[in-house]
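The structure appears below as structure tokens.
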Amino acid sequence: ITITGPDVNHMKNVLRMKPGEEILISNGVDKDYRCQVETLDSDAVTARILSVDEEGTELPGKIYLFQGLPKADKMELIVQKCVELGVFEIIPVATKRAVVKLDEKKARSKVERWQGIAEAAAKQSKRGIIPQVTMPVTFSEAVKRASTMDLRLIPYEMAEDGMAITRELIESARPGMDIAVFIGPEGGFEQEEIQRALANDIRPI
């Protein structure tokens, strides 16, 4: 395997790797390769494949996090931890009670930063893929996007069904499912948003 780009500098000058060291390389889709570094040049690193892991480290289902925009830089921590925990994609959502309002230019630079954090967290936790952080969407767009998913959940402090239903819904998750999870901002969801979620079979838990 030949490695090029910014990882070369990181391997040579930050990690100070030497020929003979073992590394784990992912193809970003479905395979992990245990490799041994052979050469380190100024613009490329070559590594010999020792073994291939076709199971990978990804969860058996895909979790899509629809995250209400939080205040300040809390989103950075949310992206980092959720990527480390195995989330497949993060969709920032502009909800009614979100304090943060992003215009197109601001949103683009924020998403670029969040994507960088997702990449670093994916490497740190040996993910097989780099989860995508999308451009922010409205609550209506988020509901529409989630409508094709197999299991749709919205944790809500006023949910009428008790813990037993929550447990039942979570236990109904199966390998291969696409799972949507909606998380509100600090102020939570408006009643109107919950009604819209319910109308689209997104279950309050």
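Mean separation of Cα pairs under 8 Å and 6+ residues apart, divided by the residue count of the range 4-92: what relative contact order is that in percent?
On the way: 115 pairs, mean separation 19.0, N = 89.
Relative CO of the range 4-92 lands at 21 percent.
For the range 51-93, there are no residues whose amide N sits under 16 Å from a probe point set 7 Å from the Cα of Asp201 along the beta carbon direction. Two decimals is fine: what is log10 I(q)/I(0) at q = 0.11, 0.14 Å⁻¹ for the chain, from a Debye sum with one equal scatterer on every Cα and no solvent? The Cα Debye sum returns log10 ratios of -0.62, -0.88.
How many times 2.2 N^0.38 Å is the alpha carbon radius of gyration of the range 42-81? Can you show the working numbers first?
On the way: Rg = 17.9 Å, N = 40, 2.2 N^0.38 = 8.9 Å.
Relative to the 2.2 N^0.38 Å estimate, the range 42-81 comes out at 2.01.
The orientation-averaged projection of the convex hull spanning the C-alpha atoms of the range 155-205 amounts to 3.9 square nanometres. Set against the 2.2 N^0.38 Å expectation for a compact globular protein, the range 80-173 has a Cα radius of gyration ratio of 1.26. Packing around the peptides 83-94, 182-193, taken as the average count of other Cβ atoms within 10 Å per residue, puts them in this order, highest first: 83-94, 182-193.
Hey, any idea what % of the chain's accessible area is carbon plus sulfur with a 1.4 Å probe?
Values: 6250 of 11920 Å².
Summing carbon and sulfur atoms, their accessible area is 52 percent of the total for the chain.
What the chain shows is 58 Å² of accessible area per residue, with the surface traced by a 1.4 Å probe over protein heavy atoms. Could you list the residues of the range 45-83 with an amide nitrogen less than 17 Å from a label point located 7 Å from the Cα of Arg113 in the Cα-to-C-beta direction? Only 69-81 fall inside the zone, counting backbone N under 17 Å. Across all Cα pairs in the range 55-122, the calculated P(r) in 10 Å bins from zero up to the longest distance comes to 20, 52, 23, 5, 0 percent per bin. Determine which aspartates and glutamates satisfy two conditions relative to Lys12: a Cα distance under 13 Å, and not lying fewer than 8 residues away in the same chain. Once the sequence-local aspartates and glutamates are set aside, what remains near Lys12 is Glu21, Glu38, Asp41, Asp43.
Counting pairs of alpha carbon atoms under 8 Å apart in space and at least six apart in sequence, what relative contact order in percent does the chain give? Intermediate values should be presented prior to the final figure.
Working: 363 pairs, mean separation 45.0, N = 205.
Relative contact order for the chain comes out at 22 percent.
Pairs exceeding 24 Å between alpha-carbon atoms, taken from Lys81/Lys105; Lys18/Lys126; Lys71/Lys126: Lys81/Lys105; Lys71/Lys126.
For Ser125 and Gln191, a Förster radius of 30 Å and the Cβ-Cβ distance give a FRET efficiency of 0.20, rounded to the nearest 0.05.
Springs between Cα atoms under 10 Å define the GNM used for the chain, and in it the highest mean-square fluctuation of Leu50, Leu153, Leu169 occurs at Leu50.
Determine the relative contact order of the range 149-190: mean sequence separation of Cα pairs under 8 Å and six or more apart, normalised by residue count, in whole percent.
Details: 29 pairs, mean separation 27.4, N = 42.
Once normalised by length, the contact order is 65 percent.
Compute the Rg/Rh shape ratio of the range 1-64: radius of gyration over Kirkwood radius, all on alpha-carbon atoms. Before the final figure, lay out the partial values.
Details: Rg = 13.3 Å, Rh = 12.7 Å.
Radius of gyration over Kirkwood radius for the range 1-64 works out to 1.05.
The values are calculated or read from the model by the stated rules, or taken from the named source; none is laboratory data. The structure displayed is predicted, hence computed values, not measured ones. Note that each Cβ is placed from the backbone with ideal geometry, even for glycine, and that neighbours are counted across all protein chains shown. To get the accessible areas, we keep the full protein, side chains included, count just its heavy atoms, and leave off ligands, DNA and RNA. Shrake-Rupley method; radii C 1.70, N 1.55, O 1.52, S 1.80 Å.
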